[in-house]
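Here is the structure we will look at, set down as structure tokens.
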Amino acid sequence: MKKLLLIIITFSLIPLLNRISYAQENNHTAREEAEGKVIWERIQSKETSCENLSDENFGALGEYFMGQMVGDSHEAMNTMMERMMGKEGEEQMHIIMGKRLSGCDTSAQVPQSGSGFMPMMWMMGSAGSPQAEGGVYPMMGYGWNGFNTFGWVFMIFFWLLLILGVIALIRYLSKSGPSKEGQTPLDILKARYARGEINQKEFEEMKKDLT
């Protein structure tokens, strides 16, 4: 019972810790989106070109484009990507988004760890160059609903698995039986007999030894 109570308290604290972490990460994501927007505007106004951009610039572009597509779900998607691919993999995915969606490198390869996000990258494949008619935004309009639906389905599936895992853990701990504390040797012997661990003859012999 104490273990179960400890687990419940632990899981109750997780949302609070996540809120603090989320607020910090959300500010970081918002800053990167703002940086990406500035870079994108400079590309469109011909103030800079793809050749002058670093991976860090493409990462900021990726954050900006992703924010345009998923809106308020951006930070949640980033968190899922980081859990699946690690921090480095998540950053690499944003760099690839930046290259593809800006039209600087539409053939940028998705890392192996990002194969689970291939549907998202497939939508980015036809982004075209920023100089093309309509630029990247028509693709965004086309991909918004599809990507947002994919993102929410993936998120719901993830949380469903997590909740089922917690329920299974609680059931396992509760079924591991009541604590043997307070049970007499005879009670334990009866339980062993009921489970078929010993036969009737063994039960009677052991019972005599206990009485």
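Taken together, the values in this text are just the output of simple stated rules run on the coordinates, not laboratory data. Everything numeric here is computed off the predicted structure, so don't read it as measured data. Heads up, the Cβs are rebuilt from the backbone with ideal geometry, glycines too, and the neighbour counts pull from every protein chain shown.
Figures for the structure shown
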quantity: Residues 79, 106, sorted so that the one with the fewest Cβ neighbours within 10 Å comes first; calculated: 106, 79
quantity: Ranked list, fewest to most other Cβ atoms within 10 Å of each Cβ, for 104, 50; calculated: 50, 104
quantity: Ascending count of other beta-carbon atoms within 10 Å, so fewest first, for 99, 37; calculated: 37, 99
